[in-house]
Amino acid sequence: MDPNQTYLSMFRAMRDGDHETARELAQALKRWFAIGGFYPYQYTPKAMNAYIADVLRRTAYLDCLN
């Protein structure tokens, strides 16, 4: 995984209203970090984890649709 590209894709998906894609990418990043994957170089772990949590919170409604 390239967490830099994944983060940018997640950010763009949220910006564009593609919440399903953003949620999938946020979950993938969360799993990546949980197994010891490296963080994108331009963001602190704290900032990255906070944004992932925000994306997951803002897209939680998708779980109710399935």
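Things worth noting here:
- Calculated mean residue ellipticity, 222 nm, the chain: -22500 deg cm²/dmol, from DSSP H runs (n ≥ 4) at -39500 (n - 2.57) each, averaged per residue and rounded to 500.
- For the chain, the spread of Cα positions along each principal axis, largest first, Å: 33, 23, 20
- Residue-span extension gain [TYR61 to PHE33] - 0.36 nm each, minus C-alpha spacing: 7.7 nm
- Peptide ranges 37-50, 15-28 listed from the most packed, as the mean C-beta count within 10 angstrom indicates: 15-28, 37-50
- Only Lys, Arg, Asp and Glu carry charge here, each on its Cβ (+1 for the first two, -1 for the last two); on that basis the chain has a dipole of about 220 debye about its Cα centre.
All of the numbers you see were taken from the coordinates with simple rules; none came from a lab. Model, not experiment: these values are computed from the prediction. Every residue, glycine among them, receives a Cβ derived from its backbone with ideal geometry; neighbour counts consider all protein chains shown.
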